[in-house]
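This report refers to the structure that appears directly beneath it.
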Amino acid sequence: MTLLVFTGSLLGAMALGMPIAFALLVSSLAMMWHLDAFDAQSMALQMLNAADSFALLAVPFFLLAGEAMTAGGLSRRLVNFALALVGHWRGGLGYVAVVAAVLLSSLSGSAVADTAALAAVLVPMMRRAGYDVGRSAALMASGGIIGPVIPPSIGFIVFGVAANVSITSLFLAGIVPGLMMAAALAITWWWLARNENVAPLPRKSWAEAAQALRDGLLALGLPVIIVLGLKFGAFTPTEAGVVAAVYAILVGMFGYGELKPSMLPGVLVAAVRTTAAVMFLVACAAVTAYLITIADIPGQIRPLLEPFMGDRVLLMAAMMLLVVVVGTALDFIPTILILTPVLMPIVREAGIDPVYFGVLFIMNNAIGLITPPVGTVLNVASAVARVDLGRVTRAVTPFLVAQVVVLFLLVLFPELVTVPLRWLR
């Protein structure tokens, strides 16, 4: 009955158009009423304790780094470097999008920001070159969702705090799966574009390629610093966020000279607005997570997964299917905050590596960003590219299938995550 009260109140509030953070508070109040345990002071305390987290300090700093990189020209130089690298291939601008998506993912960790940057730069070029614009926008959206998987990742930070899992391990474990997602996109693009009658771009000369590399070196240095710093324990993920923000601002201002002092207030305000939305959502979800624990909702879900408890692969597949279904209706962060306290007790009881589960869980939630009907990243790609959303939704299907195939490959072969993680540790 408690599970019905929780899901009914949450979905009902969302159906009325209530923002997800307030819908979570409504579901919390409904559960308190059902359990006869209403306590306003407890609600306030849970919200305060959730926001008062050293690990979550990484969120505003990485968001600030992403804003500074866009304003300071780092993102554009990475795209130019990708153009020099693979732009002359047949269907080259599509491969440029994939390479640029990986490079941008290693800087910002935000699917929305990466998609907006990719679509703003590359879709006009692909339109002029004669590529199908709906397919081009769909590729940008599919490349953008690599952002939450390759470190630094805001999703890993939120999951690590909610599940009490090492954020550093999550960051390192996400590298190989993120590269596999990129490879799947490149293969899919090759299959779709192999018959397109679009002339490839002229090959850059060695001098032009070297110039693009020199221009991008400062931007390319940031992911190297973050990964090596985490691997060798030079800083924590939170401190990595500070390093990323300071590095992006200094490079944008003094390295490239594009980030003017007059632009800093706008960059800071944009980062603060997004941070406020994320942190309020985290605070509201903490109350829900507390009541989920009190009401033992994981214990009520467990019988549904009981037939799979003896086989870790089947259990992971069942949980991933559940996340796929929920991800079609909920956005990225809310899905993490709602399902983490429900699934983690089952994961630990079954003996599944929490870091391995976290990587697949975040990847699954990222895929939900290009899954209708919500599809936040699809909406961003459609808006920036100025293409009808229905056209982008139809065109994204092959890329969506490719990412789901990668996800279930990781379900079948956990070693693809755990073995590289052992080496990187």
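Here are some notes:
- In the set (1) modelled with pLDDT of 85 or more; (2) more than 23 Å from MET126 (Cβ to Cβ), the condition left unmet by ILE370 is number (2).
- Taken together, PRO372, PRO341 contain a single residue that is surrounded by fewer than 23 Cβ atoms within 10 Å (Cβ to Cβ), assigned to a helix (DSSP H, G or I) and at negative phi, which is PRO341.
- Leading residue by the ranking (farthest from ALA163 (Cα to Cα)) among those in the range 269-300 that are loosely packed, with under 15 Cβ neighbours inside 10 Å and over 20 Å from the mean Cα position of the chain (by Cα): VAL269
- Exactly one residue out of ALA283, ALA295, ALA271, ALA248 is touching a helix residue (DSSP H, G or I) at 6+ places or on another chain (Cβ under 9 Å) and more than 21 Å from SER110 (Cβ to Cβ): that is ALA295.
- Neighbours by Cβ (under 9 Å, 6+ apart or cross-chain): first from the range 120-135, under 17 Å from ARG391 (Cβ atoms) and modelled with pLDDT of 85 or more; second assigned to a helix (DSSP H, G or I) and of a type in the set (Asp, Glu): none
- Residue within the range 349-360 that is modelled with pLDDT of 85 or more, part of a loop (DSSP other than H, G, I, E, B) and of a type in the set (A, V, I, L, M) present: yes
- Filtering the range 149-167 to residues that are surrounded by 24 or more Cβ atoms within 10 Å (Cβ to Cβ), of a type in the set (Gly, Ala, Ser) and over 19 Å from LEU228 (Cβ atoms) leaves GLY155, GLY160.
- Scanning the range 301-317 for residues that are buried (at least 17 other Cβ atoms within 10 Å of the Cβ) and closer than 26 Å to ILE145 by Cα turns up LEU315, MET316.
- For the range 167-191, taking the residues that are of a type in the set (Val, Ile, Thr) and in contact with a Phe, Trp or Tyr (Cβ under 7 Å, 6 or more places away or on another chain), the one that is farthest from PHE156 (Cα to Cα) is identified as THR188.
- Candidates in the range 81-138 are the residues that are among the aromatic types (Phe, Trp, Tyr) and over 24 Å from the mean Cα position of the chain (by Cα); of these, the one that is surrounded by the fewest Cβ atoms within 10 Å (Cβ to Cβ) is TRP89.
- Any hit, the range 319-328, residues being of a type in the set (S, T, N, Q) and under 22 Å from GLY155 (Cα atoms): yes
- Residue list for the range 380-425, restricted to those being assigned to a helix (DSSP H, G or I), farther than 26 Å from THR115 by Cβ and free of Cβ contacts under 8 Å to residues at least 24 places away in the same chain: GLU415, VAL419, ARG422, TRP423
- Helices (runs of 4 or more DSSP H) contained in the range 94-176 and holding at least 3 residues under 19 Å from VAL198 (Cα atoms): 111-129, 133-144
- Near pairs, Cβ below 8 angstrom, 6+ apart or cross-chain, from the range 16-37 (over 24 Å from ASP296 (Cβ atoms)) to any residue that is of a type in the set (Val, Ile, Thr) and in a helix (DSSP H, G or I): MET18/VAL26
The values are calculated or read from the model by the stated rules, or taken from the named source; none is laboratory data. Note that the structure is a prediction, hence the values are computed from the model and not measured. Every residue, glycine among them, receives a Cβ derived from its backbone with ideal geometry; neighbour counts consider all protein chains shown.
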